[in-house]
Amino acid sequence: MQMIIDGKTVIAEEGKTILEAARSNRVFIPTLCYLEKLLPIGSCRLCIVEIQGHENPVTACTTKAFDGMVIETNTPRLREMRKQTLGFILQTHPMDCKLCDVAGRCQLENLVKEYGAEPPMPKRAHKAEERPYSTPAIRYRPDRCIACSRCIRSCREVVGRSVLDLSGNGIGAKMDIVAPERCISCGECLSACPVGALTHANLPDGVSEGAKKVATVCAYCGVGCSFELNVKDNKAIKVTTNDYVGANKGSLCVKGRFGYGYVNSPERLTVPMIKKQGVLKEAGWEEAIDYVASRLAEIKGKHGADSIAGLTSAKCTNEDNYVFQKFMRAVIGTNNIDHCARL
Amino acid sequence: MAGLAATLGSGAMTNSIEDLAEAEVMIVIGSNNTETHPVIGMRLRHFARYRGTKIVVIDPRRTDLVEESALWLSPLPGYDLALLNGFAHVILKEGLQNKAFIEEHTENFDAFKSVVEKYTPEYVETLTGVPKDDIIKTARMYATAKNAAILYCMGITQHSKGTDNVKAVSNLALLCGHLGKPGSGVNPLRGQNNVQGACDMGGLPDVYPGYQKVHIKENREKFEKFWNASLSEVPGLTVVEMTNAMHDGKLKAMYIMGENPMLTDPDLTHVEESFRHLELLVVQDIFMTETARMADVVFPAASFAEKDGTFSNTERRVQLVRKALKEPGTARQDWDIIGGIAAKMGHPMPYEKAEDIFDEMRKVTPQYAGLTYKRLGMNGLQWPCPDETHPGTPILHKGKIARGKGLFAAVEYRPSAEVPDSAYPFILTTGRDYYQYHSATMTGRVRLLKEYCPESFVEISSEDAGKLGIQDNDWVKVESRRGHVIARAKISDKVQRGVIFKKFHFAEGAVNRLTNPVLDPTSKIPELKVSAVRLEKYNGPAVEPESQGMCLM
């Protein structure tokens, strides 16, 4: 179907909302409570647009587009309304961006800058607040909560746990933890938070500034979730996700999101070791490789290739596995290769 | 895997996580996916809540997914095959089978039909304890749905008749034509992150990369030429057979890359003794595991965070792993360590980077032939992908079953190798915890995860606990014919009377001291899900679990 957005004729798929139609045509309409994987609720009022022939603006995320629709997304009237809406949020939301871990990536901060929003009334002295959360992996600061309910709806709609709900109303509305015993620490809520109300509990503010994100794949179960390992000073400091990639589309479990710490462990093996008089002692690479190669050759010579076996690994890469079985088959000369697929 | 390869011609998950959304009915049997494949577990909950998918959970334990399910069937461990044949019986009796599909796409239907004839709902109820109405209801739901999928996991395969269990699952899909379309299929959920890839790469005793059998001359000649080496025509030993061969003195040396059999294999006491017979044990790992401690040589390897390469997930999706960190100390890439030894032994493997290996591999692996690092990109691609223009294959058996005709299997129920008796009156079954992973080498070092799951309890029904005078948190001694462990009891409504459950992650109170190493004759999978044990309150000195090392998070 055809519609006109900001004076441009565009094509959109039947059944889409105005917001979806706009985004598929690269027209950006601001949102805070909207997440593509959640049912739209139109509560933040930032995605308002004007439809020709209608007096009042409507929320683009909850209004279906139709053929021949003429829409404006960025009129002075809309901009003024959005500025006011953002101002109301700022009345209670602290402006301690310098202290906030999501500074620079905060959706609210970016919109406030773009619209030049200000709180409508003088602000009372702000008191930072922290409330125990349903998992120790996440820090909850209710003073930063903007009641967009993305965390609540993610927990309900994506994870199916319903740990969170909204309490209070109007300007006092906040997310609240209503069923902590149902929480599985998956962090879907954390990744849904557009501001810094939910943050990684293990990270002091500001630590992730300057971290490098490397897109990779989780090393736990067979689902093979995609995520970004955030690294700084050669340490993994946190895991973030992208809603649009991989088999998991941004969802993770507790192990995927919070279980990476072992890679930084001081107990990691760092040097080869050879057992001497019953005790494993540090050795050089050259020495260890020589030793293994000569012992394998000796055993093969004495007892035949089939006296040697190898276990390859379902934790290692395809490349590691290919090389390992090639080594056992082509160099040792045996098919005695298996791994723990059966266990 | 062996089961599906025989009946359908491919041992992998037939469908994709995403297209399971199209299922009207989903049978989840022997898969506690909330804990073992959590993101799939989340999707299933979502489907049940927002798409109206009717989920039938078949599990001896009341798993988490039961709360979102339309129906929960709880046979005793070891009776799945009788139940599956019972469904087939009902479908045939009521004429709900897909006659056109059976005619066009299958063979051996008559033999199958005559076997399931005696599995009436009444008979199956007496065997399994599942009410006959539930058997009939499930069979009808599955057969009459437009799209219906079956998901299964180790609860089906870790039995001495695991291959037959899998074949009975595949029978149902063939019977109703629930194959080769979205929201359907036979879907084994693979446990480890790259267990699919390790199999695809020929990390198995009977096949080269791409499941090309080693005993077939043409395959062997192809690889001899490609690798410039002479190769053995004798299929090798499987993991449990290796342990026995060590014990018998036939196996002298063992090279282990990134595995911890000293915790994950059945009958650990026997495993430990067998490893002592070795002349040489080489272990390559990221931590000093239980197995590495026994080694003659230990090599420090890179973890996934320090690697470039690929993993293949449970839905056959090959995805790029990217190096984010520098290896600790002098640790090296797994393939590089192996390459170093190979070169010393006169067979250099001069790879510079992981991609070189991938490009060599895909030349001899038809399923991966069309994959390149560049094409894998952010989302990966699903094999088979025969050439570089092929878009990958999200759904197997579309239009035609890989094997040609789907093979109905005439499989009879038979009891597990060990059934409860007066000396060992309980069935022990094992599994995983959401907060831990396999032998806990990785998760045991993350404080958050250890806090949630510091040790593994023995789950006991309140009825049995009452009879034995056991209270929550009491120490209990669990004993099988192979050994005993002492652990704390947890009285739980998740298990039924006569069954106890324990997770296998921990070295302390390792449940695999108890499990039965008897193997399925085809797949060689041990019967980890059913062992006969006895249970008593333990009044000896307290056994506090020792620390598993430093926690970091």
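The values are calculated or read from the model by the stated rules, or taken from the named source; none is laboratory data. In this text the structure is predicted, and so the values were computed from the model without any measurement. Cβ sites come from the backbone with ideal geometry, for glycine too, and all protein chains shown count toward neighbours.
Determine which single condition residue B:111 fails, assuming it passes every other condition in (1) out of contact with any Phe, Trp or Tyr (no Cβ under 8 Å at 6 or more places or on another chain); (2) surrounded by fewer than 24 Cβ atoms within 10 Å (Cβ to Cβ); (3) within 16 Å of residue B:89 (Cβ to Cβ); (4) of a type in the set (A, V, I, L, M, F, W, C).
The one condition residue B:111 does not meet is (1).
For the stretch A:261-285, how many residues meet the condition of being facing chain B (nearest Cβ under 7 Å) and in a loop (DSSP other than H, G, I, E, B)?
8
Taking the criterion of being in contact (Cβ under 8 Å) with a residue 12 or more places away in the chain and closer than 30 Å to residue A:38 by Cβ, would at least one residue in the stretch B:71-87 satisfy it?
yes
Under the condition of being of a type in the set (Val, Ile, Thr) and at the interface with another protein chain (Cβ under 7 Å from one of its Cβ atoms), which residue from the stretch B:319-366 is nearest to residue B:195 (Cα to Cα)?
My answer is B:321.
Please enumerate the residues belonging to the stretch B:143-153 that are in a helix (DSSP H, G or I) and either among the basic types (Lys, Arg) or surrounded by fewer than 24 Cβ atoms within 10 Å (Cβ to Cβ) (or both).
B:144
Would you say residue A:258 is more than 7 Å from chain B (Cβ to nearest Cβ) and either free of Cβ contacts under 8 Å to residues at least 40 places away in the same chain or touching a helix residue (DSSP H, G or I) at 6+ places or on another chain (Cβ under 7 Å) (or both)?
Spelling it out, it is not the case that residue A:258 is more than 7 Å from chain B (Cβ to nearest Cβ) and either free of Cβ contacts under 8 Å to residues at least 40 places away in the same chain or touching a helix residue (DSSP H, G or I) at 6+ places or on another chain (Cβ under 7 Å) (or both).
List the strands (runs of 3 or more DSSP E) that sit entirely inside the stretch B:294-413 and contain at least 1 residues that are of a type in the set (D, E, K, R) and at pLDDT 95 or above.
By residue number, B:317-321.
I need the full set of residues from the stretch B:295-309 which are farther than 25 Å from residue A:214 by Cβ and small (Gly, Ala, Ser), in order please.
B:295
Search the stretch A:202-243 for residues being touching a residue at least 60 places away in the same chain (Cβ under 8 Å) and within 15 Å of the chain's Cα centre (by Cα), and hand back the single one that is farthest from the other protein chains (Cβ to nearest Cβ).
Filtering the stretch A:202-243 for residues that are touching a residue at least 60 places away in the same chain (Cβ under 8 Å) and within 15 Å of the chain's Cα centre (by Cα), the one farthest from the other protein chains (Cβ to nearest Cβ) comes out as A:208.
Given the conditions (1) closer than 26 Å to residue B:127 by Cα; (2) surrounded by 20 or more Cβ atoms within 10 Å (Cβ to Cβ), and given that residue B:93 satisfies all but one, which numbered condition is not satisfied?
(2)
Being closer than 30 Å to residue A:7 by Cβ, among the polar types (S, T, N, Q) and not in a loop (DSSP other than H, G, I, E, B): is that true of residue A:74 here?
Spelling it out, it is not the case that residue A:74 is closer than 30 Å to residue A:7 by Cβ, among the polar types (S, T, N, Q) and not in a loop (DSSP other than H, G, I, E, B).
Looking only at the stretch B:214-236, filter to residues that are surrounded by 14 or more Cβ atoms within 10 Å (Cβ to Cβ), without any contact (Cβ under 8 Å) to a residue 12 or more places away in the chain and out of contact with any Leu (no Cβ under 7 Å at 6 or more places or on another chain); which one of those is farthest from the other protein chains (Cβ to nearest Cβ)?
B:219
Identify, from the list B:487, B:465, B:423, B:440, the residue that is within 14 Å of chain A (Cβ to nearest Cβ) and over 26 Å from residue B:171 (Cβ atoms).
Result: B:440 is the single residue among B:487, B:465, B:423, B:440 that is within 14 Å of chain A (Cβ to nearest Cβ) and over 26 Å from residue B:171 (Cβ atoms).
Filter the stretch A:291-306 down to the residues that are free of Cβ contacts under 8 Å to residues at least 12 places away in the same chain, at the interface with chain B (Cβ under 7 Å from one of its Cβ atoms) and farther than 21 Å from residue B:287 by Cβ and list them by number.
A:293, A:295, A:297, A:299, A:303
Select from the stretch B:440-484 the residues that are closer than 30 Å to residue A:315 by Cα and part of a loop (DSSP other than H, G, I, E, B) and list them in ascending order.
B:440, B:441, B:442, B:446, B:453, B:454, B:455, B:456, B:457, B:482, B:483
Table: residues versus (1) of a type in the set (A, V, I, L, M, F, W, C); (2) in the same structural domain as residue A:222 (by TED's automatic domain parsing); (3) farther than 13 Å from residue B:252 by Cα.
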site: A:301; (1), (2), (3): no, no, no
site: A:305; (1), (2), (3): yes, no, no
site: A:321; (1), (2), (3): no, no, yes
site: A:326; (1), (2), (3): no, no, yes
site: A:335; (1), (2), (3): no, no, yes
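Does residue B:490 satisfy the condition of being within 25 Å of residue B:75 (Cα to Cα) and either part of a strand (DSSP E or B) or modelled with pLDDT of 85 or more (or both)?
In short, yes.
What's the number of the condition residue B:334 fails, among (1) of a type in the set (Asp, Glu); (2) without any contact (Cβ under 8 Å) to a residue 60 or more places away in the chain; (3) in contact with a strand residue (DSSP E or B) (Cβ under 8 Å, 6 or more places away or on another chain)?
With respect to (1) of a type in the set (Asp, Glu); (2) without any contact (Cβ under 8 Å) to a residue 60 or more places away in the chain; (3) in contact with a strand residue (DSSP E or B) (Cβ under 8 Å, 6 or more places away or on another chain), residue B:334 is out only on (2).
Mind listing just one residue for me: the one in the stretch B:128-137 that is closer than 14 Å to residue B:58 by Cβ and either hydroxyl-bearing (Ser, Thr, Tyr) or in contact with a Gly (Cβ under 9 Å, 6 or more places away or on another chain) (or both) and, of those, surrounded by the most Cβ atoms within 10 Å (Cβ to Cβ)?
The selected residue is B:135.
On the given criteria, is residue B:305 within 11 Å of chain A (Cβ to nearest Cβ), crowded, with 21+ Cβ neighbours inside 10 Å and aliphatic (A, V, I, L, M)?
Considered against the rule, which asks whether it is within 11 Å of chain A (Cβ to nearest Cβ), crowded, with 21+ Cβ neighbours inside 10 Å and aliphatic (A, V, I, L, M), residue B:305 comes out as yes.
Surrounded by 18 or more Cβ atoms within 10 Å (Cβ to Cβ), touching a residue at least 24 places away in the same chain (Cβ under 8 Å) and closer than 13 Å to residue A:91 by Cα: does that describe residue A:137?
The answer is no for residue A:137.
Can you tell me which residues in the stretch A:291-319 are exposed (fewer than 15 other Cβ atoms within 10 Å of the Cβ) and part of a loop (DSSP other than H, G, I, E, B)?
A:304 - this is the single residue of the stretch A:291-319 that is exposed (fewer than 15 other Cβ atoms within 10 Å of the Cβ) and part of a loop (DSSP other than H, G, I, E, B).
With touching a residue at least 60 places away in the same chain (Cβ under 8 Å) and either surrounded by fewer than 19 Cβ atoms within 10 Å (Cβ to Cβ) or in a helix (DSSP H, G or I) (or both) as the only criterion, which of B:62, B:49, B:140 stands out?
B:62
Given the residues A:247, A:288, which is the only one that is buried (at least 22 other Cβ atoms within 10 Å of the Cβ), of a type in the set (A, V, I, L, M), at the interface with another protein chain (Cβ under 7 Å from one of its Cβ atoms) and under 28 Å from the mean Cα position of the chain (by Cα)?
Within the list A:247, A:288, the selection yields A:247.
Going residue by residue through the stretch A:107-129, is there one that turns out to be within 14 Å of chain B (Cβ to nearest Cβ) and assigned to a helix (DSSP H, G or I)?
no
Here are some conditions: (1) crowded, with 19+ Cβ neighbours inside 10 Å; (2) in contact with a helix residue (DSSP H, G or I) (Cβ under 8 Å, 6 or more places away or on another chain); (3) of a type in the set (A, V, I, L, M, F, W, C); (4) farther than 28 Å from residue A:210 by Cα. Residue A:21 meets all but one. Which one does it not meet?
Unmet condition: (2).
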